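To start, the structure itself, in structure tokens.
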Amino acid sequence: MTIWPIIIATLWVSYKGFNSQSFFQRYMFQVDAILVKREYIRLISSGFLHASWGHLFFNMLALYLFGELMANFLGPINFLLLYFASLIGADLLSLFIHKNHGSYSAIGASGAVSGVLLGYVALFPYNDIGFIFLPFISFPAWIWGLAYVLISIYGI
């Protein structure tokens, strides 16, 4: 039950951002707005905005698939701590990497969802994870985690 308020809030904020460019601009992660104007709310609000319905769908699908398992294992308070620490931590890392790129901007729940996914991998490294559309093909969670980290490093 813990993930549904996050999913609903993310759907609502993203929908509002899709329909209002000024709302989108006001709450997205943007280096100068955070460092110069001290709009620290963007470290959280950007995680509720998405670029498209597809971007939103895949982030919320991953949260749905792994979030409820993690919330049940960790308990609601610890799950929320993991989710928001991952969200803020990812944005702080982006801020550090792009501190000299004032116009750099970003949006999405990928940092928070990554924290949940990698938390799952850390707690259940030998559980099999399959492909959604090819469920008969699966690998241990630690292989998915390693692949995810390598792809993320390549993406940076």
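Residue pairs whose Cβ atoms lie under 8 Å apart, separated by 6 or more positions or on different chains, with the first residue in segment 101-112 and in a loop (DSSP other than H, G, I, E, B) and the second charged (D, E, K, R), are Gly102/Asp32; Ser103/Asp32. Among residues of segment 67-93 being open to solvent by 60 Å² or more (accessible area, probe 1.4 Å), aliphatic (A, V, I, L, M) and more than 26 Å from Gly17 (Cβ to Cβ), the one that is modelled with the lowest pLDDT is Leu69. Filtering segment 94-104 to residues that are surrounded by 17 or more Cβ atoms within 10 Å (Cβ to Cβ) and either hydroxyl-bearing (Ser, Thr, Tyr) or modelled with pLDDT under 90 (or both) leaves only Ser94.
Taking the numbered list (1) out of contact with any Leu (no Cβ under 7 Å at 6 or more places or on another chain); (2) within 30 Å of Phe124 (Cα to Cα); (3) touching a residue at least 12 places away in the same chain (Cβ under 8 Å); (4) open to solvent by less than 40 Å² (accessible area, probe 1.4 Å) in turn, Ile7 passes all entries but (1). For segment 39-62, the count of residues that are touching a strand residue (DSSP E or B) at 6+ places or on another chain (Cβ under 7 Å) and farther than 15 Å from Ser110 by Cβ is nonzero. Name the single residue that is least open to solvent (accessible area, probe 1.4 Å) among those in segment 105-142 being out of contact with any Asp or Glu (no Cβ under 6 Å at 6 or more places or on another chain) and of a type in the set (S, T, N, Q). Restricting to residues being out of contact with any Asp or Glu (no Cβ under 6 Å at 6 or more places or on another chain) and of a type in the set (S, T, N, Q), the top hit is Ser114. For segment 69-90, indicate whether the set of residues that are more than 16 Å from Leu117 (Cβ to Cβ), in contact with a Phe, Trp or Tyr (Cβ under 6 Å, 6 or more places away or on another chain) and free of Cβ contacts under 8 Å to residues at least 60 places away in the same chain is non-empty. Taking every residue of segment 69-90 in turn, none turns out to be more than 16 Å from Leu117 (Cβ to Cβ), in contact with a Phe, Trp or Tyr (Cβ under 6 Å, 6 or more places away or on another chain) and free of Cβ contacts under 8 Å to residues at least 60 places away in the same chain.
The values are calculated or read from the model by the stated rules, or taken from the named source; none is laboratory data. Keep in mind that this is a model prediction, so the values were computed, not measured. In this analysis, Cβ positions are derived from the backbone assuming ideal geometry, glycine residues included, and neighbour counts consider all displayed protein chains. Side chains included, ligands, DNA and RNA excluded: accessible areas come from the protein's heavy atoms. Shrake-Rupley method; radii C 1.70, N 1.55, O 1.52, S 1.80 Å.
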